[in-house]
Amino acid sequence: MCGIVGAVAQRDVAEILVEGLRRLEYRGYDSAGVAIVDGQGNLERIRRLGKVQELADAVASAAPTGGTGIAHTRWATHGEPSEINAHPHMSGDHIALVHNGIIENHEELRAILTERGYEFLSQTDTEVIAHLVEWELRSSETLLEAVQKTVAQLEGAYGTVVMDRRDPERVVVARSGSPLVIGLGVGENFLASDQLALLNVTRRFIFLEEGDVAEITRREVNIFDTDGQPVAREIHESNLQHDAADKGQYRHYMQKEIYEQPSALINTMEGRISSDAVIVESIGNGAKEILEKVEHIQIVACGTSYNAGMVARYWFEAMTGVSCDVEIASEFRYRPFVTRPNSLLITLSQSGETADTLAALRLAKEKGYMSAMTICNVAGSSLVRESDLAFMTRAGTEIGVASTKAFTTQLVALLMLVTALGKEKGLIDSAKEKQIVDALHALPTQIEKALAFDKPIEQLAEDFADKHHALFLGRGEYYPIAMEASLKLKEISYIHAEAYAAGELKHGPLALIDADMPVIVVAPTNDLLEKLKSNIEEVRARGGLLYVFADSEAGFEETDGMKIITMPRVDEIIAPIFYTIPMQLLSYHVALIKGTDVDQPRNLAKAVTVE
């Protein structure tokens with residue numbers, strides 16, 4: 001969600017801070033700001049509503065100097081998007097602070113601080129933290145001690161960074177529920193909410209754990225755990241490409257990431273499948289022993305990842321005989337539930353920091369799940385660190401808010417996991433395993449063929465120029481593919497879109513059908529095709545406008561009111577992944593026609609680190 005960047009260095013850091021914010025623009029935001037203090041204790045704060053470029057122009061004009069600074073991009077939760085609500089926030093003329101997350105007891109704390117004489121200038125919960133730090137500093141020997149006293153009073157989620165202009169050689173950071181990473185330099189140190197922000201200045205990182213508070217100077221990083229005890233955290237060397245945030249030849253990050261999917265899928269499979277088998281040990285240490293005991297799968301996820309889990313449910317139950325439930329994380333964590341014997345919890349997340357999914361993992365640990373596994377794209381993220389098994393998707397950095405390659409790589413990882421589980425359960429023999437593996441090996445090439453439909457789909461998208469609603473239909477495992485297609489269209493084109501299992505048409509959605517309602521159908525050849533054709537006829541009979549994506553053997557003929565997009569025939573096991581690609585392209589081109597912000601759609605953020 002919001003982005004944080006900070007630095008303690010000998011050199012001027014203004015450009016480093018602004019560049020870090022640029023690299024975090026994908027997270028979604030509505031305002032940006034920096035605060036920089038020089039060696040004499042002079043602090044300059046600059047905030048702007050809108051894009052980081054607005055802030056960059058203001059910083060270039062003001063030319064602040066100083067080696068210690070913090071910067072932030074804000075996504076509004078408390079208080080409207082405005083310059084006065086933008087971070088950094090201050091208390092007095094000396095405490096400056098940035099914060100990601102939500103302080104749930106901010107109203108109670110605000111009332112206490114008001115009684116103490118503090119004046120609030122913004123509507124944010126963040127300003128509460130700044131004033132609390134200032135208050136505690138009055139009776140503390142160090143800024144570190146003041147921050148430790150402050151966070152003990154906070155309820156909710158926070159990744160926060162504090163500096164005092166009277167002590168310009170240090171910053172103090174605290175993490176609870178919102179990620180922070182420290183970047184290690186030579187004679188300088190940095191911090192951010194995402195290592196991507198710092199890849200132009202360092203490759204060595206420390207990921208703070210839950211409850212950590214750290215004091216950072218140019219030459220030292222001292223970390224303390226929840227109990228205030230000094231603790232050492234592992235140093236990680238990053239191999240991420242710092243130029244991953246460049247669009248290159250593509251118009252948008254989303255377009256780039258759609259086209260990166262063949263290579264991303266190769267990376268997901270590398271070292272995990274042989275010529276004829278899934279390598280169970282590649283799933284993680286102890287995976288074989290865990291899978292042998294599994295009697296139930298519980299998948300927990302949000303958004304696009306939830307749709308991936310819905311596809312996997314069909315695979316798990318059809319191919320392994322193991323029951324599988326899929327639930328939205330924000331619902332799972334707030335209802336009483338029964339833990340089944342020998343149940344494996346699987347969390348799905350691109351970022352590994354999705355607040356509801358992370359909370360669900362922690363809750364499941366208390367409820368006696370046999371084991372917890374995450375399928376995730378970000379090494380070092382909270383879900384990865386806190387799960388028993390971490391199956392990395394290796395999709396590479398995904399900048400566009402609307403997920404594309406993260407979704408398809410999750411599906412490939414899930415299919416490999418299903419195969420491994422079926423093999424351990426004795427329900428997938430060597431012949432079936434080889435069929436699946438052969439299909440996986442062929443998938444990147446098949447995706448290339450799907451991408452070749454870009455131009456026809458671009459032309460098709462023109463039909464949606466004046467549309468305000470759309471309906472997506474699928475059956476079986478293509479129902480969640482329709483759900484994902486619907487989500488993509490509404491995310492980036494702002495067209496109201498819904499997805500239904502096609503057999504549900506007569507139970508309500510048929511009332512919506514008319515010539516102004518495009519109906520997009522995912523219709524590959526399978527056992528449910530004839531049933532699906534009957535559902536299509538229900539739409540045609542009511543004057544609906546149909547767009548049917550089907551393979552050459554499905555037997556459709558184009559007529560008035562029904563356009564057929566004939567796709568190549570692919571192996572049934574990988575077809576749900578394959579049919580995702582034309583849906584992504586359709587959403588992308590419709591968004592272009594609508595003139596929306598494809599990569600940063602309104603009101604949305606890439607990594608949702610608050611409830």
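Roughly what angle does helix 106-115 make with the longest principal axis of the chain, taking Cα atoms, 0 to 90 degrees, to the nearest 10?
In the chain, helix 106-115 runs at an angle near 20 degrees to the longest axis.
Once you put a point 7 Å from the Cα of Gln10 and another 7 Å from the Cα of Asn342, both along the Cβ direction, what distance in nm separates them?
6.2 nm
Along the Cα→Cβ direction, 7 angstrom out, place labels at Lys288 and Asp516. What is the inter-label distance in nm?
6.2 nm
Suppose a student asked you for the relative contact order of the chain, using Cα pairs under 8 Å spaced at least 6 residues apart; what percent would you report?
12 percent
Only four residue types carry charge here, +1 at the Cβ of Lys and Arg and -1 at the Cβ of Asp and Glu. Report the dipole size of the chain about the Cα centre in Debye, rounded to the nearest 20.
440 debye
Using just the Cα positions, wrap region 280-356 in a convex hull and report its mean projected area in square nanometres, one decimal place.
Seen from a random direction, the Cα hull of region 280-356 projects 5.6 nm² on average.
With a point put 7 Å past each Cα toward its Cβ, work out how far Gln123 is from Glu331 in nm, to one decimal.
3.1 nm
Using the Karplus equation 6.51 cos²θ - 1.76 cosθ + 1.60 (θ = phi - 60°), what ³J(HN,Hα) coupling, rounded to whole Hz, does each residue of region 91-99 give in order, writing x for Gly and Pro?
10, x, 10, 10, 8, 10, 8, 10, 7
At a Förster distance of 35 Å, what's the computed FRET efficiency of Asp560 paired with Asp527, Cβ-Cβ distance as r, to 0.05?
0.75
Quick one: if the Förster radius is 30 Å, what FRET efficiency do Glu54 and Glu270 give, using the C-beta to C-beta distance and rounding to 0.05?
About 0.10, to the nearest 0.05.
Would you mind getting me the FRET efficiency between Ser263 and Glu537? Use the beta-carbon distance for r and R0 = 51 Å, nearest 0.05.
Computed FRET efficiency for Ser263 and Glu537: 0.80.
Could you line up Ile447, Ile273 from fewest to most neighbouring Cβ atoms inside 10 Å?
Ile273, Ile447
With everything on Cα atoms, drop me the angle between helix 52-62 and the longest principal axis of the chain, reported from 0 to 90° to the nearest 10.
Roughly 20 degrees, rounded to the nearest 10.
If you stretched the chain out fully between Ser140 and Glu295, how much longer would it get, using 0.36 nm times the residue separation minus the C-alpha to C-alpha distance?
That works out to 50.4 nm of additional length.
Fewest first, what order do Phe464, Phe453 take by the number of other Cβ atoms within 10 Å?
Lowest count first: Phe453, Phe464.
Length gain on complete extension for the stretch His78 to Val186, per 0.36 nm per residue less the alpha carbon to alpha carbon distance?
Taking 0.36 nm per residue and subtracting the Cα distance, the gain is 35.1 nm.
Evaluate the relative contact order of region 3-237 (contact order divided by residue number), counting alpha-carbon pairs under 8 angstrom at least 6 apart; express in whole percent.
Computed value for region 3-237: 20 percent relative contact order.
To the nearest µm²/s, what D does Stokes-Einstein give for region 343-466 at 4 °C and 1.567 mPa s, using the Kirkwood radius over alpha carbon pairs as Rh?
77 µm²/s
Would you calculate, for the chain, the mean residue ellipticity at 222 nm contributed by helices, counting each DSSP H stretch of 4 or more residues as -39,500 (n - 2.57) and dividing by all residues, to the nearest 500?
-10500 deg cm²/dmol
Stokes-Einstein at 10 °C, 1.306 mPa s, Kirkwood radius from Cα pairs: D for region 431-567 in µm² s⁻¹?
For these conditions, the coefficient is 101 µm²/s.
Relative contact order (percent) for region 450-599, with alpha-carbon contacts under 8 angstrom and 6 or more residues of separation?
Relative contact order comes out at 31 percent.
Based on other C-beta atoms within 10 Å, arrange Phe120, Phe391, Phe472 from fewest to most.
Phe120, Phe391, Phe472
Each reported figure results from applying straightforward, stated rules to the coordinates on display, with no laboratory input. If you're wondering where the values come from, they're calculated on a predicted model, not measured in any experiment. With ideal geometry, Cβ positions are generated from the backbone for all residues, glycine too; neighbour counts draw on all protein chains shown.
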